[in-house]
Ligand code: TYM
């Protein structure tokens, strides 16, 4: 039986990268009729310090963004991680299955911890083990993510595989990363070799889901490009990271292939391409931004939706956790 799980950290504004690489895909999977579970991973966010008031706000804002982008909390399960204690509990069990050597290979830890890894939290190091628990406490089979999360989903497979092997069982399915579409790695608008990220110090490097139409247009106009016109084949984008990024974004927003976008704009200057891209981005994002701010006007309703989702999530997660405890030999009286 197929079951989809994915999550996003409430650690700042959602970017166009999160939208094209993740949320837009989450909505497509919901609409394809598979059982879908989507999480606001607040326990992951605190692996680096979060101001409590800002964390509360970002959690509600991310829930609003999910819904504004088309997630239906009656068809998908939508909740925040900290309300379902099975995540943290199974995370501990997995800390005892995962190996230090596996954790040491995680590139995201190396990036986030930086040069002074001694000062990073233990949680940041164990982060991928909690992520494996998120996925496996629902025995999820498919995990839609952007390119940058592939290594973590593969680690979840390794943990599931080692658990099964160590206890002589087939208890956990090996989850598959689903990395599809034209924009699985949206790059910074200021540097085509860097990922677009919520945490980049330059706001010009990204488009936020909360940006208004003028801001979006301005950021695209200022986006870094090279002086050449657009090439006449997709291969012509090789070695031109900024051009490739803008064409990929256009393709993902319009639902066209990169080849079709190239066919339409071959030989044209960025001066012509950028306004077309800005129009497309504004047309897709403006209604989302407007719906988000409507939803944010009623935080109690968002909290109610998250609580309802957490109840339904816990009903699925708790028996799976209990089964894992039985497999491992814990005495369980209830
Ligand atoms: P996070 O919060 O960094 O990002 C959320 C999702 O957005 C994708 N993404 C991108 N896709 C394309 N281009 C980009 N520039 C870009 N930036 C981000 C990410 O790949 C991700 O799919 N560890 C996860 C959250 C998580 C999770 C999980 C995901 C926790 N538990 C269980 C799946 C299953 C993270 O930090 O994502």
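The values are calculated or read from the model by the stated rules, or taken from the named source; none is laboratory data. The shown structure was predicted, so the numbers you read here are calculated from the model rather than taken from an experiment. Cβ atoms come from the backbone with ideal geometry, glycine included; neighbour counts cover every protein chain shown.
Hey, any hits in segment 32-39 for a residue that's within 8 Å of the ligand (Cβ to nearest atom), at pLDDT 95 or above and on the phi < 0 side of the Ramachandran plot? Yes: segment 32-39 contains one or more residues that are within 8 Å of the ligand (Cβ to nearest atom), at pLDDT 95 or above and on the phi < 0 side of the Ramachandran plot. Against the test of being over 19 Å from the mean Cα position of the chain (by Cα) and assigned by TED's automatic domain parsing to the domain that holds residue 275, the options 231, 201 yield a single qualifying residue, 231. Residues in segment 1-31 that are part of a loop (DSSP other than H, G, I, E, B) and either more than 10 Å from the ligand (Cβ to nearest atom) or within 28 Å of residue 92 (Cα to Cα) (or both): 1, 2, 9, 10, 11, 12, 13. Listed by position, the helices (runs of 4 or more DSSP H) contained in segment 245-334 that have at least 3 residues being surrounded by 15 or more Cβ atoms within 10 Å (Cβ to Cβ), in contact (Cβ under 8 Å) with a residue 60 or more places away in the chain and in contact with a strand residue (DSSP E or B) (Cβ under 9 Å, 6 or more places away or on another chain) are 299-328.
Using the structure shown, decide if residue 95 is in contact (Cβ under 8 Å) with a residue 24 or more places away in the chain, crowded, with 23+ Cβ neighbours inside 10 Å and either in contact with a helix residue (DSSP H, G or I) (Cβ under 7 Å, 6 or more places away or on another chain) or at negative phi (or both). Answer is no for this residue. Among the conditions (1) more than 10 Å from the ligand (Cβ to nearest atom); (2) within 19 Å of residue 86 (Cα to Cα), residue 156 misses just one, which is (1).
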